[in-house]
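Below you'll find the structure, written out as structure tokens, and then a few comments.
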Amino acid sequence: MPISNHRNAATRWFGRSADLLLPIERRILESARQGTTIARDVNAHFKAQSTVGERLSDRIAEIGGSWSFILSFLGFLVLWVIVNTVLLTRQSFDPYPFIFLNLILSMLAAIQAPIIMMSQNRAAARDRLDASHNYEVNLKAEIEILALHDKFDAIRDAELKQIAETLVRITDRLARLEGAGSSVSNSTLGSPPT
């Protein structure tokens, strides 16, 4: 079955008429009919559409979720405690129980948490887009494979038909040869030897 027959292809491969296809299925069927590709770099497309704030939230989440940030922040906390307990024993600006440090950490967490959630939401949206794209590519590959099967079936049917016609011609030729051979042998058997 050729892919160019749009309505028959929709019924054959999707089990419903072309009018009832989803937009994504129509796009894939049209791509298969035209022989064009649908694969694209989803991440590059996603990055191109992101705003400065979205890219910034991704970068902050990337830094905030790294071991280098955790270790450097741990170093900052240790330095803060040492400075306020050992070095500045008489005039420390944040004496034990480090209330100012608690305030800074709370504010940092209050700002960092929504930024990381924004980045996670974008990652989830990117994953959904990637999954949708994978579905399109897989569906197109399945349609192309079915089309190849149809082409191979058509070629095989044509070859079988040609083989059958050749066999009929060979059978006819053998029958004529046998008929001619039996008439020759009958004529030689019926005549006396000379």
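Sorting 170-176, 15-21 by average packing, meaning the other beta carbons within 10 Å per residue, from highest down gives 15-21, 170-176.
Candidates [x] 2.43; [y] 0.95; [z] 1.52; which is the computed Cα Rg over 2.2 N^0.38 Å? Here the calculated entry is [x].
Ordering SER72, SER119 by how much accessible area each has at a 1.4 Å probe, largest first, what is the list?
On the way: SER72 70, SER119 15 Å².
My answer, sorted largest first, is SER72, SER119.
Mind listing which trypsin sites (Lys or Arg not before Pro) in segment 27-61 are in a DSSP loop and have 15 or fewer other Cβ atoms within 10 Å? Listed in order of number, the matching sites are ARG40.
Can you classify segment 1-80 as rounded, prolate or oblate using the Cα gyration tensor, where a ≥ b ≥ c are the square roots of its eigenvalues, rounded means a/c under 1.5, and otherwise it's prolate if a/b beats b/c and oblate if not?
On the way: a/c = 4.86, a/b = 4.35, b/c = 1.12.
Prolate, since a/c reaches 1.5 and a/b exceeds b/c.
If you count only protein heavy atoms with a 1.4 Å probe, what accessible area per residue comes out for the chain, rounded to a whole Å²?
Working: 14110 Å² over 194 residues.
That works out to 73 Å² per residue.
Under the shape rule built on the C-alpha gyration tensor, where the axes satisfy a ≥ b ≥ c, segment 121-163 is prolate, since a/c reaches at least 1.5 and a/b is greater than b/c. For segment 11-138, the fraction of 1.4 Å probe accessible surface lying on carbon and sulfur atoms is 64 percent.
Relative contact order of the chain, taken over Cα pairs closer than 8 Å and 6 or more residues apart, is 29 percent.
The values are calculated or read from the model by the stated rules, or taken from the named source; none is laboratory data. Quick caveat, the model's predicted, so the values are computed rather than measured. For neighbour counting, all protein chains shown are included, and Cβ atoms are generated from backbone atoms with ideal geometry for every residue, glycine included. Only protein heavy atoms, including side chains, enter the accessible area calculation; ligands, DNA and RNA are left aside. Shrake-Rupley method; radii C 1.70, N 1.55, O 1.52, S 1.80 Å.
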